[in-house]
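Engineer: So that we are looking at the same thing, I have put the structure below in structure tokens.
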Amino acid sequence: MKIMFEKNKLFIFSLIIILITLNTSFLIQQEPFISTISNNKMEDINVHDIKQSANNDTVAPVITFVQPSTNNSVIKKNFYEIIVNVSDDHPPVSGNVIVQISNISTSLFNATMALKGDELWFFTWENISSYPNYEFYKIEVWAKDSSLNGNNNWSRAYYIILNLSEKLSPGILNVAIYIFFVCIIFALIFVYIRKKSAFIRTTEKK
């Protein structure tokens, strides 16, 4: 019986050792899996943070003039289309791109630009002839992106000059025609007066 008990005791002890070894091995094998889950969660958090940061970006729109493309452009028509490119990861919505036109010292008016396509925005300046001719005008554009921060920016200033000589030519021609007819009328009146005076003198002699 004693020998039997010792054998059972040895068997139980061996079984416990085997179970501890297997359990340890299992835990060691599980550690990479636990680590992988943890890393995946961290990656998810990082991606979320990146998206959140992008949605709250602090980069203002970049505004580039397409028309006019150079300073001191000469405008010879009664209308002119102003075109700009507004580049931003969160493009402006309608109403958030505004053009301001000024003379050298005073702001004349602000107007909302319309989306032309892709990143192009435009505004048609009409009735230009109602503004003083042969003067410089300053054009600037303001834009605000659609991010939560609402970043905004001004473009550089571009200067144009109005030279509506073609539009003024008919006016000058009309003045010349008016002066010509006035001269003819005065000439006719002068001729009539001279003839009448000559007729009176001839009558008096008789």
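Engineer: Name the residues in the range 109-130 that are open to solvent by less than 60 Å² (accessible area, probe 1.4 Å) and out of contact with any Lys or Arg (no Cβ under 6 Å at 6 or more places or on another chain), would you?
Structural biologist: Across the range 109-130, the qualifying residues are PHE109, ALA111, MET113, ALA114, GLY117, LEU120, TRP121, PHE123, THR124, TRP125, ILE128.
Engineer: Scan the range 66-76 residue by residue and report those that are touching an Asp or Glu at 6+ places or on another chain (Cβ under 8 Å) and touching a residue at least 60 places away in the same chain (Cβ under 8 Å). Talk me through it step by step, then tell me what you get.
Structural biologist: First pass over the range 66-76, keeping only residues touching an Asp or Glu at 6+ places or on another chain (Cβ under 8 Å): 67, 76.
If the condition is that a residue be touching an Asp or Glu at 6+ places or on another chain (Cβ under 8 Å) and touching a residue at least 60 places away in the same chain (Cβ under 8 Å), then LYS76 is the only one that fits.
Engineer: Ok, one more. Is it the case that the range 151-171 has a residue that's part of a strand (DSSP E or B), touching a Lys or Arg at 6+ places or on another chain (Cβ under 7 Å) and surrounded by fewer than 17 Cβ atoms within 10 Å (Cβ to Cβ)? Break it down stepwise before answering.
Structural biologist: Applying the first criterion (part of a strand (DSSP E or B)) to the range 151-171 yields 152-154, 158-162.
Then keep just the ones that are touching a Lys or Arg at 6+ places or on another chain (Cβ under 7 Å); that gives 152, 159.
Now drop any that are not surrounded by fewer than 17 Cβ atoms within 10 Å (Cβ to Cβ), which leaves 152, 159.
The answer is yes; a qualifying residue exists.
Residue by residue, here is whether (1) modelled with pLDDT of 80 or more; (2) assigned to a loop (DSSP other than H, G, I, E, B); (3) farther than 30 Å from ASP118 by Cα holds:
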site	(1), (2), (3)
GLN29	no, no, yes
PHE33	no, no, yes
ASN39	no, no, yes
ASP44	no, no, yes
LYS51	no, no, no
VAL66	yes, no, no
ASN71	yes, yes, no
GLU81	yes, no, no
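Engineer: Still on this structure, please answer the following. Would you mind stating whether ASN96 is open to solvent by less than 50 Å² (accessible area, probe 1.4 Å), at pLDDT below 95 and not acidic (Asp, Glu)?
Structural biologist: Numbers: open to solvent by less than 50 Å² (accessible area, probe 1.4 Å): yes; at pLDDT below 95: no; not acidic (Asp, Glu): yes.
No.
Engineer: Filter the range 149-170 down to the residues that are in contact (Cβ under 8 Å) with a residue 40 or more places away in the chain and over 13 Å from the mean Cα position of the chain (by Cα) and list them by number.
Structural biologist: Within the range 149-170, ASN149, TYR158, TYR159, ILE160, ILE161, LEU162, ASN163, LEU164, SER165, GLU166, LYS167 meet the criteria.
Engineer: If you go through the range 148-158 one residue at a time, do you hit one that is closer than 16 Å to PRO68 by Cα, at pLDDT 70 or above and among the small types (Gly, Ala, Ser)?
Structural biologist: Scanning the range 148-158 turns up at least one residue that is closer than 16 Å to PRO68 by Cα, at pLDDT 70 or above and among the small types (Gly, Ala, Ser).
Engineer: Only residues that are open to solvent by 50 Å² or more (accessible area, probe 1.4 Å), within 14 Å of TYR159 (Cβ to Cβ) and assigned to a strand (DSSP E or B): list them for the range 99-108, please. Spell out the reasoning first.
Structural biologist: Just the residues of the range 99-108 that are open to solvent by 50 Å² or more (accessible area, probe 1.4 Å), to begin with: 104-108.
Filter again for within 14 Å of TYR159 (Cβ to Cβ), leaving 104-105, 108.
LEU108, the sole residue that qualifies.
Engineer: Search the range 74-93 for residues being over 15 Å from ILE63 (Cα atoms) and either among the hydroxyl-bearing types (Ser, Thr, Tyr) or in contact with a strand residue (DSSP E or B) (Cβ under 8 Å, 6 or more places away or on another chain) (or both), and hand back the single one that is most open to solvent (accessible area, probe 1.4 Å).
Structural biologist: First pass over the range 74-93, keeping only residues over 15 Å from ILE63 (Cα atoms): 74-81.
Within this subset, residues satisfying the condition of being either among the hydroxyl-bearing types (Ser, Thr, Tyr) or in contact with a strand residue (DSSP E or B) (Cβ under 8 Å, 6 or more places away or on another chain) (or both) are 74-75, 79-81.
Details: VAL74: 75, ILE75: 5, PHE79: 115, TYR80: 34, GLU81: 54 Å².
By that ranking, first place goes to PHE79.
Engineer: Taking only pairs six or more apart or across chains, which ones have beta-carbon atoms under 7 Å, a first residue in the range 121-148 that is farther than 19 Å from LYS76 by Cβ, and a second residue that is of a type in the set (A, V, I, L, M, F, W, C) and open to solvent by 70 Å² or more (accessible area, probe 1.4 Å)?
Structural biologist: Once the first residue is farther than 19 Å from LYS76 by Cβ and sits in the range 121-148, its partners that are of a type in the set (A, V, I, L, M, F, W, C) and open to solvent by 70 Å² or more (accessible area, probe 1.4 Å) give TRP121/LEU115; GLU140/TRP154; TRP142/TRP154; SER146/VAL93.
The values are calculated or read from the model by the stated rules, or taken from the named source; none is laboratory data. As the structure is a prediction and not an experimental result, all values here were calculated from the model. In this analysis, Cβ positions are derived from the backbone assuming ideal geometry, glycine residues included, and neighbour counts consider all displayed protein chains. Accessible surface is based on the protein model in full, side chains and every heavy atom, while ligands, DNA and RNA are left aside. Shrake-Rupley method; radii C 1.70, N 1.55, O 1.52, S 1.80 Å.
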